[in-house]
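**Student:** Shown below is the structure under consideration.
The values are calculated or read from the model by the stated rules, or taken from the named source; none is laboratory data. As the structure is a computational prediction, the values presented were derived from the model and not from experiment. All Cβ positions, even for glycine, are placed from backbone atoms using ideal geometry, and neighbour counts span all protein chains on display. Each accessible area value is taken on the protein alone, full model and side chains, heavy atoms only, with ligands, DNA and RNA left out. Shrake-Rupley method; radii C 1.70, N 1.55, O 1.52, S 1.80 Å.
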Amino acid sequence: MKNIIIFGAPGSGKGTYSDEIVAKYGMGHISTGDVLRNEIKNGTELGNIAKGYIDNGQLIPDELMIDILAKTYDALPKGQGVIFDGFPRTIAQAEALKKMLCERGDDMGIMLELVVDEETLLARLLNRAIEQGRADDNEETIKKRFEVYHSQTAPLAAWFEQEGIRNTFTWKGSKEVMLGEIFSFLDSVK
Ligand code: AMP
């Protein structure tokens, strides 16, 4: 499978659909949010730095994030494709990802954009707060994460459009329908 960048607002299902895609196509998976939460759990220096940003709904600085991404990518087996989940989140990260992959003889492959209305996003995040107890899934931090998404991350959709790899999937009320659309698209391009 080609590389995949899964893109969307907090709560749009990036993690959920990534897991389904990994199970079906057997590719590598980098969730930068999971990488950071793991560092926090292990009490590392990086974890301590990341915690302050995550708890406030802010983005970790680009330079640090790009470094983490490259190290995580280099540790994965090559040749089976990687799904990038939660990265890039800024134009600088996107430019860095493109360059990093090009330097390694690879490319960004395809971008999947998940579009979900804000009411559904909020309901999902509040529900996840109950089910998974994520520290940043409280109403105040969620609001901040939406603001950060709109100001820093959403403009990236146009960047991917220019790269000619943007593919949009809009939530119509059913995970099965969304997954069916994503799988038939991926089957046609893999
Ligand atoms: P996520 O699990 O993808 O929703 O990420 C949770 C939090 O981790 C975000 O709200 C950010 O604080 C941080 N984070 C994850 N990925 C990135 C990234 N690519 N750039 C900056 N911060 C990130």
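**Student:** Please give the length that would be gained between A92 and V189 if that part of the chain were fully extended, namely 0.36 nm times their separation in residues minus their C-alpha to C-alpha distance (nm, one decimal).
**Tutor:** Here the segment from A92 to V189 would lengthen by 32.2 nm.
**Student:** Decide, for region 104-145, between rounded, prolate and oblate: order the square roots of the alpha carbon gyration tensor eigenvalues as a ≥ b ≥ c, take rounded if a/c falls under 1.5, and otherwise choose prolate if a/b is larger than b/c, else oblate.
**Tutor:** In terms of gyration-tensor shape, prolate.
**Student:** Order 24-30, 183-189 from most to least packed using the mean count of other Cβ atoms within 10 Å. Don't jump to the answer; show the numbers that get you there.
**Tutor:** Values: 24-30: 16.7, 183-189: 12.0.
So the order, starting with the most tightly packed, is 24-30, 183-189.
**Student:** A follow-up question, please. Peptides 130-136, 32-38, 148-154, 107-113: what's the order by average Cβ count within 10 Å, highest mean first?
**Tutor:** Final packing ranking: 107-113, 32-38, 148-154, 130-136.
**Student:** While we're here: At a 1.4 Å probe radius, carbon and sulfur cover how many percent of the accessible area of the chain?
**Tutor:** The C+S portion of the solvent-accessible surface of the chain is 50 percent.
**Student:** Viscosity 1.306 mPa s, temperature 10 °C: Stokes-Einstein D of region 42-190 from its Kirkwood Cα radius, in µm² per second?
**Tutor:** 92 µm²/s
**Student:** Moving on to the next point. Where in region 21-51 is the amide nitrogen less than 15 Å from a point lying 7 Å along the Cα-to-Cβ axis of L76?
**Tutor:** Hits in region 21-51 for L76 at 15 Å: 21-36.
**Student:** Still on this structure, please answer the following. Could you tell me which residue out of N38, F146, T90 lies farthest along the dipole of the chain toward its positive end? Charges go on the beta carbon: Lys and Arg +1, Asp and Glu -1, centred on the Cα centre.
**Tutor:** N38
**Student:** Can you figure out the FRET efficiency of V115 with I49, using R₀ = 35 Å and their beta-carbon distance, to the nearest 0.05?
**Tutor:** 0.65
**Student:** For the residue pair T168 and E20, what label-to-label distance in nm results when each label sits 7 Å from Cα along the Cα-to-beta-carbon direction?
**Tutor:** Roughly 2.0 nm, to one decimal.
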